[in-house]
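Enquirer: Handing you a structure now.
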Amino acid sequence: MQEKEITSLLSQMSLEEKIGELFQIPAYFIADGNATGPAAELGITDDDIRLAGSCLSITGAKKIREIQRDHMEKHPHHIPMLFMADIINGYHTVFPIPLAQGCTFNPALVEKAASIAAREAAAAGIHVTFSPMADLVRDARWGRVMESTGEDPYLNSQMSAAMVRGYQGVKNKLAEKGKLAACLKHFAGYGAPQGGRDYNTVELSDRTLRDDYMPAYQAAVKAGCALVMTSFNTLNRIPSTGNRHLMRDVLRGEMCFNGVLISDWAAVNELIFHGIAADEKEAALLAIRAGVDIDMASPIYIKHLKQLVEQGMLPEELIEESTLRVLTLKNRLGLFENPYKDANEKDEQELLLCEAHREAARKCAEESFVLLKNEDSILPLHKENDTVAFIGPFTDNQFICGSWSIFADDADCVTVKSGVQENYPCSKVLFSDGCPTTDPGEIIQGFQKSPEKEIIDSDLKLEQAIQEAVQTAAAADKVVLCLGEHRELTGEGASRASLTLPSCQLRLLKEISRINPNICVVLFGGRPLDLREADRHAKAILEVWLPGTEGGNAIARILYGDISPSGRLAMSFPWCVGQIPVHYNHMNTGRPFSGDFRLERFGSKYLDIPNEPFYAFGYGLTYTTFVYSAVSLSQNRLQTGETIFASVRVTNTGKRTGTETVQMYLHDTAASVARPVRELKGFTKVTLNPEESTKVCFPITEDLLRFHDINMEYKSEPGIFEVFIGPDSATNNKAEFELCHSIK
Ligand code: GLC
């Protein structure tokens, strides 16, 4: 439809019909088109359902076509509904969790993963995905770190923009086949809850918010994301969903976002619990004034907006402004011409889990794994010579997708055991579970309880299982111990105050290490964990996160060396939970400390652990070794408007081909405010054969040096800068240059 036709449609709509467009019904609110259970209890009527503008978490081409057809027949203007869902890392073909995708340091790969997810979900009738989640994270206690791409503003910006391109296409033509409208979330600062406890208070200075947390949101908006979702948290003690300044001045004003703003799940209603709305009516008023267009999964708008207008407390123009944005989004998706868009059962059958998608998921998984330790080059395994015992609760476990894989079937997942047997049928292998994923009796929450094999239901059985595993280990040259945290221990609402592995798994690890020292731990999970025990007993540690549908094939191919590990950590691993928050781009403090924490007293340090993380941001090993030359600069002075180049020569000094992620960090040594000790400002992956070398060059321009200065102005300041280039954020391979502001 033409724009004028949309405004004409709007002019023909009643107030109820305009408000209906702002009402979103979750799947369980309706059955055969009528209000059921929770909806009826919330006072939602069939008439409300009839006017609803969008639907949440319903999928399937056949079902969506039926609901859409029925809805349009009943709607006075036959306006189609939007169908929205959480397609976070895949629909039926599940990719690694976003934190793992961040570890690929490969935006093109992440873009491809998003495009495949879009093709599958669009064929299943979905129009909007609630992704990318672009929240910067620094606290592994928070369960949703698995959904982010990590602790760095620059990496997160690259990844959030890549996901938007993947879902919407580079030209953002949403009506094209296989495209989804992307919804950036959660605006803003949701990733910094106090204590790492989900939904908790967020206290960020405006400078930290803007310099560290905003860049990834800005990148997604700049890439053209069609929607933004409000966050549950407060900022400056104001809940985002009622924060008029944040939404109208910052998001829509400064960032020029003109798409649809949707609340998070029932977050409009939560303004009451936050204590800024006395009742539902006030909650509705605050949210619509803040510019929240759609009230997700709550009846607040549908029940109160009409009365607010009729009582003269709310100008109808505010309703019309939101309704117009929703109708415009539907029009951009082409729904007025084709209300079913890509919903097509034949396409579903052909696309979902097709070989090409599985292969892409496997490649993404392979690139997301991070080799954290490899003493005595125990890895890769030798296909013929090594007898390998695969032991642990993740050896034969199909629950290896992230907690947002809610539309996928775990039965489609390839386990480690299947991956090894299918890819290396001639290898000498043994298998044993050893212990359950979680300690007997530990509560596993989650809207999809993983009915995993409960092999243990008593201490006696646990003893027997461990002894059997120890015997299996005794018969092998090497042990691959597949350990980790249950997927329902990360994700939404899954914060933990401890980061250790379950005690039954640590028991298994210790018992096996007594009988066989050649242990490689393959670690599953959705967050950085406390790996001190694993490091004490294992010669190798491979972090595989929650690798998705093709996890077992990817892990097997990496373990046996057909593929070399190349992942780099997108989030620091702390020594222990007491070290949190720990992140590489920290401030220097007035008492920086790099000495012996046991000896020197008056420095910013702990008495019981070092300041450095256990594994640093950007860190990861390969099956070969690389050497870097010193950093060289094309010039030692940078004038505004010019570009200088920092380069190194990287050489593969090992015996195998490998892929190195070369990283460039910049440090502003003196500015009007304290600046991070370094900030990632460039990275590139190079694959080199043994003895091969290549020159890697990074452009440096003045805009890379900008920050919010003492007056909160976003600009660079003249002075001396350090440029580091190396394999991770701990590198000291550096050079210096001076920024001079050209006199205009
Ligand atoms: C949840 C999440 C959000 C998700 C939404 C819809 O509470 O916070 O990320 O997209 O509800 O499921």
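Enquirer: Taking the Cα centre of the chain as origin, sum charge times position over the Cβ atoms of Lys and Arg (+1) and Asp and Glu (-1), and report the length of that vector in debye to the nearest 20.
Expert: I would put it at about 1540 debye.
Enquirer: Provide the packing ranking of 411-421, 153-163, i.e. peptides ordered by the mean count of other C-beta atoms within 10 Å per residue, highest first.
Expert: Details: 411-421: 19.8, 153-163: 26.4.
Top of the packing list down: 153-163, 411-421.
Enquirer: Would you work out which of Ser632, Val723, Ser693 lies farthest towards the positive end of the dipole of the stretch 626-740, given +1 charges on the beta-carbon of Lys and Arg and -1 on that of Asp and Glu, about the Cα centre?
Expert: So the residue we want is Ser693.
Enquirer: Also, I was wondering about something else. Among 591-603, 617-629, 361-373, how do they line up from the highest to the lowest mean number of other beta-carbon atoms within 10 Å?
Expert: In descending order of packing, they fall as 361-373, 617-629, 591-603.
Enquirer: Just the Kirkwood number for the stretch 642-744, please: inverse of mean 1/r across all distinct Cα pairs, in Å, one decimal.
Expert: Answer for the stretch 642-744: a Kirkwood hydrodynamic radius of 15.0 Å.
Enquirer: Just report the Cα centroid separation between the stretch 397-429 and the stretch 39-60, whole Å.
Expert: If we compute the Cα centre of each part, the gap is 37 Å.
Enquirer: With respect to the cross-link table entries Lys112/Lys341; Lys177/Lys306; Lys62/Lys222; Lys18/Lys341; Lys428/Lys685, which display a Cα-Cα separation exceeding 31 Å?
Expert: Distance filter (> 31 Å) returns Lys177/Lys306; Lys62/Lys222; Lys428/Lys685.
Enquirer: Charges on Cβ only, +1 for Lys and Arg, -1 for Asp and Glu, centred on the Cα centroid of the chain; of Ala554, Thr129, Ile272, which one is farthest towards the dipole's positive end?
Expert: It is Ala554, whose Cα lies furthest towards the positive end.
Enquirer: For a protection proxy built on the mean count of beta-carbon atoms within 10 angstrom, sort 111-123, 226-238, 61-73, 659-671 highest first, please.
Expert: Averaged packing, sorted descending, gives the order 111-123, 226-238, 659-671, 61-73.
Enquirer: Can you tell me which aspartates and glutamates have their Cα less than 15 Å from the Cα of Lys417? Leave out same-chain residues fewer than eight positions away.
Expert: In chain and number order, the partners are Asp396, Asp433, Glu550.
Enquirer: Let me check against my output: what whole-number percent is the relative contact order of the stretch 352-566, with C-alpha pairs under 8 Å and at least 6 apart? Write out the running numbers ahead of the final one.
Expert: Numbers: 423 pairs, mean separation 78.2, N = 215.
It rounds to 36 percent for the stretch 352-566.
Enquirer: Still on this structure, please answer the following. Taking the Cα centre of the chain as the origin and placing charges on Cβ (Lys, Arg +1; Asp, Glu -1), which of Val414, Pro38, Asn344 is farthest toward the positive end of the dipole?
Expert: With unit charges placed on the Cβ atoms, the residue in question is Val414.
Enquirer: In addition: State the Cα centre-to-centre distance between the stretch 61-108 and the stretch 568-645 in whole Å.
Expert: Comparing the Cα centres of the stretch 61-108 and the stretch 568-645, I get a distance of 40 Å.
Enquirer: In whole Å, what is the distance between the alpha-carbon centres of the stretch 306-371 and the stretch 8-29?
Expert: So the separation of the two Cα centres works out to 17 Å.
Enquirer: Mind checking which aspartates and glutamates have their C-alpha under 16 Å from Lys4, skipping anything on the same chain fewer than 8 residues away?
Expert: Partners within reach: Glu320, Glu321, Glu337.
Enquirer: Suppose we take every Cα in the chain and form the convex hull; what volume per residue is that in Å³?
Expert: Expressed per residue, the convex hull around the Cα atoms of the chain is 168 Å³.
Enquirer: Here's something else I'd like to know. When Lys and Arg each count +1 and Asp and Glu each count -1, what net charge do the other residues less than 11 Å away from Cys435, Cβ to Cβ, add up to?
Expert: Its environment carries a net charge of -3.
Enquirer: If you don't mind, another one. Normalised by the empirical 2.2 N^0.38 Å for globular proteins, what value does the Cα Rg of the stretch 64-186 take? List each step's numbers first, then the result.
Expert: Numbers: Rg = 15.7 Å, N = 123, 2.2 N^0.38 = 13.7 Å.
After normalising by residue count via 2.2 N^0.38 Å, the value is 1.15.
Enquirer: Relative contact order of the chain: what whole-number percent is it, with Cα pairs under 8 angstrom and at least 6 residues apart? It would help to have the intermediate numbers written out before the result.
Expert: Working: 1817 pairs, mean separation 98.8, N = 744.
Normalised by residue count, the contact order of the chain is 13 percent.
Enquirer: Grab the other residues whose beta carbon is less than 10 angstrom from that of Asp347, score K and R as +1, D and E as -1, and report the net.
Expert: Values: positive: Arg119, Lys177, Lys346; negative: Glu120, Asp342, Glu345, Glu348, Glu350.
Net charge in that neighbourhood comes out at -2.
Each reported figure results from applying straightforward, stated rules to the coordinates on display, with no laboratory input. What you are looking at is a predicted structure, and each value in this text was computed from that prediction instead of being measured. As a convention, Cβ positions derive from the backbone with ideal geometry for all residues, glycine included, and neighbour counts pool all protein chains shown.
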